[in-house]
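Working notes, structure below.
The values are calculated or read from the model by the stated rules, or taken from the named source; none is laboratory data. These figures come from a predicted structure and were not determined experimentally. Here Cβ is always computed from backbone atoms with ideal geometry, including for glycine, and neighbour counts include all displayed protein chains.
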Amino acid sequence: MSAIQPPEERVWWKEPIAPIEITWILIAFVWCLFMFIMMPYWHIFGKQNLANEAYRSTPELFTAKAQAMVDKYKVREETEQAIPVVRPPAGSDVYLVARLWQWWPLLELEEGQTYRLHLMSLDWLHGFSLQPENINIQVHPGYEHILQVQPNRAGTYSIICNEYCGINHHTMAAKLYVVKK
Ligand code: CUA
């Protein structure tokens, strides 16, 4: 029997399996198991896939929380649109609004500290991609997403929207500052 020609016997499923076929089935099976185990392994020990929580929320509620943080911890303004730069205390809850076509406000975090980063879209689907850290999550409207983040290297990071969100999708980028204590 070949893989291309039809089987010679009509009752082909009762023929013994060729050793080479058994070998391939075993290789595929072991590989499936390996990939299956890698999913939880990578979730726990990998650096890219953060466990996140999500809660239903509304743009009004979320904007109010972000605004309260900005009112309290704003340190300066940047860019032509005068976007506030916020330096919240270490260990606190920080809020980042995604909307057409902007991330608001700009965050300045301390190296080595842990924060709860809340993300929400006020309009439709955006993607939160932190470069060069390769952190990547979808930001759905209607849900407040919470990530535990611990920036461990000082520097300026880029936040890029990586879900197509309309005509100015390519301009939806911002900075995240990580500063030494
Ligand atoms: Cu927001 Cu693309």
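Can you find a residue in the stretch 66-78 that is without any contact (Cβ under 8 Å) to a residue 24 or more places away in the chain, away from the ligand (no atom under 16 Å from the Cβ), assigned to a strand (DSSP E or B) and touching a strand residue (DSSP E or B) at 6+ places or on another chain (Cβ under 6 Å)?
Within the stretch 66-78, one or more residues are without any contact (Cβ under 8 Å) to a residue 24 or more places away in the chain, away from the ligand (no atom under 16 Å from the Cβ), assigned to a strand (DSSP E or B) and touching a strand residue (DSSP E or B) at 6+ places or on another chain (Cβ under 6 Å).
Which residue out of G155, G142 is out of contact with any Leu (no Cβ under 8 Å at 6 or more places or on another chain), more than 10 Å from the ligand (Cβ to nearest atom) and free of Cβ contacts under 8 Å to residues at least 24 places away in the same chain?
Just a single option satisfies the conditions, and that option is G155.
List pairs: first in the stretch 115-129 and within 22 Å of V178 (Cβ to Cβ), second near the ligand (Cβ under 9 Å from one of its atoms) and of a type in the set (S, T, N, Q), Cβ under 7 Å, 6+ apart or cross-chain?
That search, which allows pairs on different chains as well, returns G127/N162; S129/N162.
I'd like to verify a number: residues in the stretch 158-167 that are out of contact with any Ser or Thr (no Cβ under 6 Å at 6 or more places or on another chain) and near the ligand (Cβ under 8 Å from one of its atoms), how many?
The qualifying residues number 5.
Could you grab me the full set of residues in the stretch 168-181 that are near the ligand (Cβ under 10 Å from one of its atoms) and among the hydrophobic types (A, V, I, L, M, F, W, C)?
The answer is M172, A173.
State yes or no: is T23 part of a helix (DSSP H, G or I), of a type in the set (S, T, Y), out of contact with any Ser or Thr (no Cβ under 9 Å at 6 or more places or on another chain) and touching a residue at least 24 places away in the same chain (Cβ under 8 Å)?
In short, no.
Which one is nearest to K180 (Cα to Cα), of the residues in the stretch 65-89 that are of a type in the set (D, E, K, R) and surrounded by fewer than 11 Cβ atoms within 10 Å (Cβ to Cβ)?
D71
Out of all the residues in the stretch 120-139, which are within 12 Å of the ligand (Cβ to nearest atom), buried (at least 17 other Cβ atoms within 10 Å of the Cβ) and not β-branched (V, I, T)?
Across the stretch 120-139, the qualifying residues are S121, L122, H126, G127, F128, S129.
Go through (1) among the hydrophobic types (A, V, I, L, M, F, W, C); (2) more than 20 Å from H170 (Cβ to Cβ); (3) surrounded by 12 or more Cβ atoms within 10 Å (Cβ to Cβ); (4) touching a residue at least 24 places away in the same chain (Cβ under 8 Å) and name the single condition A51 misses.
(3)
Do we find that I4 is at pLDDT below 95, exposed (fewer than 10 other Cβ atoms within 10 Å of the Cβ) and under 21 Å from the mean Cα position of the chain (by Cα) in this structure?
Criteria not met by I4.
What are the residues in the stretch 144-162 that are assigned to a loop (DSSP other than H, G, I, E, B) and either more than 25 Å from A64 (Cα to Cα) or at pLDDT 95 or above (or both), if any?
Matches in the stretch 144-162: P151, N152, R153, A154, N162.
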